[in-house]
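Participant: The following block contains the structure, expressed as structure tokens.
The values are calculated or read from the model by the stated rules, or taken from the named source; none is laboratory data. Only a predicted model underlies this, so the values are computations on that prediction, with no experimental measurement involved. So basically every Cβ, Gly included, is an ideal-geometry build from the backbone, and we count neighbours across all protein chains shown.
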Ligand code: PMP
């Protein structure tokens with residue numbers, strides 16, 4: 001079956017799907033994106049992703065291309081046309097195409113692209129049972145990591161370093177020695193006394209949709225939650241570590257820079273949260289947070 005992409009109002013076969021050479025997404029990374037999980041042919045936490053997309057657009061003063069409802073329909077239709085059951089949909093909105101000039105061009109319309117694909121989750125499930133390795137890398141990204149832009153070069157370099165080290169993820173460390181997040185995930189630890197710790201929202205991290213969902217589910221489970229920065233030393237002394245993201249769900253991290261976390265195996269808390277999160281995604285977002293409230297700060 002040929003894959004279909006949505007490009008600026010049209011559903012096109014891949015061979016015909018293209019954007020302009022002077023698109024600002026291509027030239028300046030002047031674009032934002034979302035990746036939404038698909039389970040049972042339906043989007044997971046669609047509202048959270050669309051609220052975050054609007055926030056990213058507004059922060060950069062890129063015009064909202066259409067209403068939230070219309071975008072949700074485009075996503076659902078792209079999923080349907082590609083017959084995605086379990087997988088992802090990728091949505092990108094750039095400021096538009098215009099003669100190359102740094103300042104914003106007048107009178108351009110945003111470029112909207114959506115592509116969807118099936119993903120075999122068996123590999124991720126096996127990784128979750130075993131646990132994965134992380135390495136640390138300096139966080140060399142820009143100062144507004146809360147905006148989900150396609151400016152992902154620093155993240156790609158960190159992920160490549162992880163891959164070359166045989167690791168799954170790179171944990172990024174700020175100048176003060178605190179972990180910000182993973183190159184494409186949020187970072188968590190479970191301390192020796194059982195507190196679940198993750199960095200608070202702010203300009204230094206992306207407010208992950210999975211982070212918010214897991215935070216809410218953990219709260220409902222009665223787990224003790226602390227939103228504060230933590231160091232690599234603290235992570236290595238922790239009982240457990242894990243990452244959350246749309247594509248990894250809840251993924252136990254069992255070593256950092258080759259040193260074991262806890263007993264070196266996947267932790268009970270991460271395992272429990274993964275199971276609860278899987279139930280959440282199968283229900284497409286039951287017990288969800290108030291999404292509008294997740295992204296107002298800062
Ligand atoms: N942080 C970064 C830097 C990311 O790229 C991602 C994944 N896009 C996340 C966190 C996790 O966000 P989400 O749970 O919304 O996928």
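Participant: Looking only at residues in the stretch 234-252 that are within 14 Å of the ligand (Cβ to nearest atom) and surrounded by 24 or more Cβ atoms within 10 Å (Cβ to Cβ), which one is nearest to residue 281 (Cα to Cα)? Please lay out each step first, then the result.
Facilitator: Initial filter on the stretch 234-252 (within 14 Å of the ligand (Cβ to nearest atom)): 242-251.
Cutting the leftovers down to surrounded by 24 or more Cβ atoms within 10 Å (Cβ to Cβ) gives us 242-244, 249-251.
Details: 242: 18, 243: 16, 244: 13, 249: 9, 250: 12, 251: 15 Å.
Among them, the one singled out is 249.
Participant: While we're on this one: Which pairs turn up if I take residues in the stretch 200-219 that are in contact (Cβ under 8 Å) with a residue 12 or more places away in the chain and look for partners that are within 10 Å of the ligand (Cβ to nearest atom) and part of a helix (DSSP H, G or I) with beta carbon separation below 6 Å, at least 6 apart in sequence or on another chain?
Facilitator: 209/48; 209/49
Participant: Every residue in the stretch 121-139 that is within 13 Å of the ligand (Cβ to nearest atom) and farther than 18 Å from residue 241 by Cα, please. Steps first, please.
Facilitator: Of all residues in the stretch 121-139, those within 13 Å of the ligand (Cβ to nearest atom) come to 137, 139.
Within the stretch 121-139, 139 is the sole residue that qualifies.
Participant: Keeping to the stretch 205-233, report how many residues are assigned to a helix (DSSP H, G or I), touching a strand residue (DSSP E or B) at 6+ places or on another chain (Cβ under 7 Å) and more than 13 Å from the ligand (Cβ to nearest atom).
Facilitator: Step one: of the stretch 205-233, the residues assigned to a helix (DSSP H, G or I) are 209-220, 232-233.
Next cut, touching a strand residue (DSSP E or B) at 6+ places or on another chain (Cβ under 7 Å) only: 210-211, 214-215, 218-219, 232.
Filter again for more than 13 Å from the ligand (Cβ to nearest atom), leaving 218-219, 232.
Residues flagged as assigned to a helix (DSSP H, G or I), touching a strand residue (DSSP E or B) at 6+ places or on another chain (Cβ under 7 Å) and more than 13 Å from the ligand (Cβ to nearest atom) within the stretch 205-233 amount to 3.
Participant: For the stretch 253-287, which residues satisfy the criterion of being within 16 Å of the ligand (Cβ to nearest atom) and in a strand (DSSP E or B)?
Facilitator: Passing the criteria: only 253.
Participant: Give the residue, chosen from 166, 143, 131, that is surrounded by fewer than 21 Cβ atoms within 10 Å (Cβ to Cβ), on the phi > 0 side of the Ramachandran plot and not assigned by TED's automatic domain parsing to the domain that holds residue 52.
Facilitator: Working: 143 fails: on the phi > 0 side of the Ramachandran plot; 131 fails: surrounded by fewer than 21 Cβ atoms within 10 Å (Cβ to Cβ).
Only one candidate qualifies: 166.
Participant: Same structure again: Which of the helices (runs of 4 or more DSSP H) contained wholly in the stretch 1-89 include at least 3 residues that are out of contact with any helix residue (DSSP H, G or I) (no Cβ under 7 Å at 6 or more places or on another chain) and within 16 Å of the ligand (Cβ to nearest atom)?
Facilitator: Numbers: elements: 24-28, 46-60, 68-81.
It comes to 46-60.
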